[in-house]
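The values are calculated or read from the model by the stated rules, or taken from the named source; none is laboratory data. Source: prediction; values computed, not measured. Neighbour counts are summed over all protein chains in view; Cβ atoms, including those assigned to glycine, are modelled from backbone coordinates with ideal geometry.
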Amino acid sequence: ARTVSRNEDGVLTIGGLTATALAEEFGTPAYFLDEADFRARCRAWAEAFGKDADVFYAGKAFLSRAVVRWLKEEGLNLDVCSGGELITALDAGMPADRIAFHGNNKSVAEIHQAVEAGVGRIVLDSFQEIARVAHIAQSLGKRQKVQIRVTVGVEAHTHEFIATAHEDQKFGLALAGGQAAEAVRRALKLDGLELIGIHSHIGSQIFDTSGFEVAAHRVIGLLKQIRDEHGVELPEIDLGGGLGIAYTSDDDPREPYEIAKALTEIVHRECEAAGLSMPRISVEPGRAIVGPTAFTLYEVGTIKPLEGLRTYVSVDGGMSDNIRTALYDAEYTVALVSRTSDAEPMLSRVVGKHCESGDIVVKDAFLPADLAPGDLLAVPATGAYCRSMASNYNHALRPPVVAVRDGEARVIVRRETEEDLLRLDVG
Ligand code: LLP
């Protein structure tokens, strides 16, 4: 369903519209998102897991009202991790029972808001939170469905900041040492809670399914222990998100059906061996759904060749619209998309306009030597964790997100304006 290609003049087109026309209409920098591709990815995930499983899109990757409506129409559920994401979901009409609420430090107000709205599940992340959610649910006269997030002790081979299943980090309750089992004991005793399952998320931008398989194996070990100790079989397991996407040609992502197959098989096998009935599986992909669907369009400004080193190509955005290169050493590619060029390739670094040397968008790239101010560059695969982590550093105005479909472009998140900036400054 990808509708991105080049026309006969070498100009990038998306959904039938050229990059040059889009830049003219919406300005730069801007994110352009291929709605058909987004919807197709939702369907691929839903179909891969089938009717005995649930797919929760991880809203942290990118969330807006339009996205919520697409998810709703494509039959996906939604994972939120803050009051802000929750109100966006509810406001756009996502039924509360299709929402899962996450976070290692949900505030009392957020828990209250979630329980009152009737979210389908709250994923409990600490002993204190078990007591807190039970108390709030009871005070509202409700029994809240919950899962317990466990730390399975898998080293996911990804950047340290986005790996989450090793033990020395802030999320979840460790299986090792019995914390997770103790959490289950406590949750089962509390009237305000209905414990429906165990949750594990091992990290993000992962290519190898074996980490998920080990996690599934360990989670099922806990289900068995719970059955033996309490005589209850928890009906659900959630194996989190984290499936990697291709940012460069070195990356080799798995397809949703591969992960669905691997997970379903191992859960099935292990449950059979343990004499457990098959639980309902859920997963929470964020990046794998939205990441590949969007690119950022920039206009080239200053070009500075450094003799014997490389050429610094400055664009009209930077770390305020894509912090991932600076934060995780993330790799991206970039291409000249407003014309073709036969000029020699020149070693370039695409940098932003912010006041620090770490403000790099693409560290190493070859761009044509005749690159000139006013040319348009596209950086693909910026749909996940770029707009959602965008900042106003240096009082930058955060770029819009434009959804393109069947030759029509529609702003779904508008560009910030100077008035937006000044409105918050009330001093
Ligand atoms: N479920 C839970 C509980 C999570 O914490 C996350 C991501 C996901 C699902 C979705 O993971 P995904 O499928 O998108 O990999 N800002 C970082 C990524 C942080 C991920 C945080 N949690 C980045 O730009 O790479």
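Descriptive notes on the structure:
- Considering only residues in region 173-210 that are more than 19 Å from residue 105 (Cα to Cα), in a loop (DSSP other than H, G, I, E, B) and among the polar types (S, T, N, Q), the one that is modelled with the lowest pLDDT turns out to be 209.
- Any strands (runs of 3 or more DSSP E) falling wholly within region 333-402 and containing at least 1 residues that are among the aromatic types (Phe, Trp, Tyr): 360-368
- For region 116-127, the count of residues that are over 20 Å from the mean Cα position of the chain (by Cα), more than 16 Å from the ligand (Cβ to nearest atom) and crowded, with 23+ Cβ neighbours inside 10 Å is zero.
- Once region 291-332 is narrowed to residues that are part of a helix (DSSP H, G or I) and hydroxyl-bearing (Ser, Thr, Tyr), the residue that is nearest to the chain's Cα centre (by Cα) is 293.
- Residues considered: 79, 37, 52, 97. Of these, the only one that is of a type in the set (Asp, Glu) and in contact with a Ser or Thr (Cβ under 6 Å, 6 or more places away or on another chain) is 37.
- Flag for residue 278 being within 24 Å of the chain's Cα centre (by Cα) and part of a loop (DSSP other than H, G, I, E, B): no
- Selection within region 259-285: residues that are touching a residue at least 60 places away in the same chain (Cβ under 8 Å) and in contact with a Leu (Cβ under 9 Å, 6 or more places away or on another chain). The member of this set that is nearest to residue 27 (Cα to Cα) is 285.
- Any hit, region 212-227, residues being closer than 25 Å to residue 151 by Cβ and of a type in the set (Phe, Trp, Tyr): yes
- When each of 110, 85 is tested for being more than 25 Å from residue 53 (Cβ to Cβ), under 22 Å from the mean Cα position of the chain (by Cα) and either of a type in the set (A, V, I, L, M, F, W, C) or modelled with pLDDT of 95 or more (or both), the lone residue that passes is 110.
- Qualifying strands (runs of 3 or more DSSP E) (wholly inside region 1-89; at least 2 residues being aliphatic (A, V, I, L, M)): 12-14, 30-34, 53-58, 77-80
- Every residue from region 125-172 that is aliphatic (A, V, I, L, M) and either touching a Pro at 6+ places or on another chain (Cβ under 7 Å) or at pLDDT 95 or above (or both): 130, 131, 133, 134, 136, 137, 140, 146, 148, 150
- Test set (1) out of contact with any helix residue (DSSP H, G or I) (no Cβ under 8 Å at 6 or more places or on another chain); (2) within 24 Å of residue 241 (Cα to Cα); (3) free of Cβ contacts under 8 Å to residues at least 60 places away in the same chain; (4) not basic (Lys, Arg) - residue 177 fails condition number: (2)
- Number of positions in region 215-239 that are of a type in the set (D, E, K, R) and part of a loop (DSSP other than H, G, I, E, B): 1
- Residue in region 100-108 that is in a helix (DSSP H, G or I), touching a Phe, Trp or Tyr at 6+ places or on another chain (Cβ under 8 Å) and not assigned by TED's automatic domain parsing to the domain that holds residue 389 present: no
- Considering the conditions (1) touching a Pro at 6+ places or on another chain (Cβ under 7 Å); (2) under 17 Å from residue 123 (Cα atoms), residue 243 is excluded by exactly one of them, (2).
- Counting the residues of region 198-212 that are in contact (Cβ under 8 Å) with a residue 24 or more places away in the chain, away from the ligand (no atom under 11 Å from the Cβ) and either over 19 Å from residue 178 (Cβ atoms) or surrounded by fewer than 21 Cβ atoms within 10 Å (Cβ to Cβ) (or both) gives 5.
- Single match in 246, 215 (criterion: within 14 Å of the ligand (Cβ to nearest atom), aliphatic (A, V, I, L, M) and surrounded by 19 or more Cβ atoms within 10 Å (Cβ to Cβ)): 215
- Taking the listed residues 72, 51, 60, the one that is over 24 Å from residue 389 (Cα atoms) and basic (Lys, Arg) is 51, with no other qualifying.
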